[in-house]
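Working notes for the structure below.
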Amino acid sequence: MSASNPIRITVISDVVCPFCFVGQRRLEAAIQALPDEHVEVLWRPFQLDATLPPEGISREEYFVNKFGSMEPVRRMQQTLMVMGEETGINFAFDRAEIAPNTRDCHRLMHWATPGAQQQQLVAHLFSRFFEEGADFTQQSELLDAAEACGMNRELTKARLDSEEDIDTIARQNDEAHTMGVNGVPFFIIDDRFAISGAQETQTLAAAIQHARQTKSES
C-alpha cells in the first residue's frame with residue numbers, strides 16, 4: 001500500500017549550509033530506519049545569499065560581513081564538528097576558501113532526475129564543499145559532480161553556459177521565502193507537515209511514520 005502511495009518529502013536547502021548537510025545525513029538515516037516505508041525526496045533551492053557575485057568572495061570576508069567577526073563562526077563550527085562526528089561527516093571548514101553564489105549548484109540539482117540521481121548529486125556536492133573544500137565558482141567542479149552522478153557532461157556544460165532555468169531557481173528561492181522559510185534545512189512532509197532545522201534522526205523518522213498513519217490512502 002505504501003509503495004503505491006509514497007510519503008513525499010520536499011527538502012529546502014542550500015549546499016553551502018552545514019546544517020543542511022547534517023540534515024541530509026539524518027534524513028537518509030531516518031529513511032534507512034524505515035525499510036518498509038516508501039519515501040520520495042525532492043530537493044528545492046534556498047540561497048543563503050543570492051547577491052554574491054559569480055566569482056564569489058572569500059569565506060572569511062563573507063563571515064565577517066555577516067557576523068561581525070570570526071569568533072561566533074568558530075563557536076558554531078565547533079558545535080557542527082560534534083554533529084558531524086555523530087552523522088559521519090568530516091567537516092573541514094578551513095579547506096573551502098570561497099563563498100560561492102550557489103545558483104548553478106541549484107540548477108544542477110534541478111536538472112538531476114528526482115530520486116536516486118538527485119540524492120546522489122546533493123550528497124556529492126555537500127561532501128565536496130564541506131569535507132574537501134571544493135570551489136563551486138569553478139564550472140569544472142560542477143561538471144565533475146554532474147558526471148560523477150551519471151549526468152551527461154557536454155549537455156550539462158551547454159545548459160550551464162545558457163540561461164536555462166535561472167528564472168526557475170530565482171522563483172523557487174523566492175517562493176521559499178514567501179512561505180516563511182527563513183532558515184534551512186526545511187522539510188515538508190507529505191505536503192502537510194513542516195519541520196525546520198537539522199532535527200534528530202528519530203524526529204524525522206517519527207514525522208514520516210506520523211505522515212503515513214494520517215495519510216489518506218485514496
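Some values worked out for this structure:
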{"item": "Karplus-derived HN-Hα couplings along segment 132-145 (A = 6.51, B = -1.76, C = 1.60, θ = phi - 60°), whole Hz, x at Gly and Pro", "result": "10, x, 4, 9, 7, 7, 8, 4, 4, 5, 5, 5, 4, 5"}
{"item": "Kirkwood estimate for segment 7-213, i.e. one over the average of 1/r between Cα atoms, Å", "result": "17.5 Å"}
{"item": "Built amide H within the under 5 Å cut-off of residue 57, gap 5+", "result": "99"}
{"item": "Percent antiparallel among DSSP beta bridges (both partners in the chain, rounded to 5)", "result": "60 percent"}
{"item": "For segment 199-204, Karplus couplings with θ = phi - 60° (6.51, -1.76, 1.60), whole Hz, Gly/Pro x", "result": "5, 5, 3, 5, 5, 5"}
{"item": "Least to most buried among 66, 157 (fewest other Cβ within 10 Å first)", "result": "66, 157"}
{"item": "Built amide H within the under 5 Å cut-off of residue 194, gap 5+", "result": "189"}
{"item": "Rounded to 10°, Cα long-axis angle of helix 116-130 versus longest principal axis of the chain", "result": "40 degrees"}
{"item": "Cys residues of the chain counted as unpaired, since no other Cys beta-carbon is under 4.7 Å", "result": "105, 149"}
{"item": "Gained length - residue 87 relative to residue 69, 0.36 nm times residue gap less alpha-carbon distance", "result": "3.7 nm"}
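Rule-based calculations on the coordinates, nothing more; no lab input. Owing to the predicted nature of the structure, the values given are computational and were not obtained by experimental measurement. All Cβ positions, glycine included, derive from the backbone under ideal geometry; neighbour counts span all protein chains shown.
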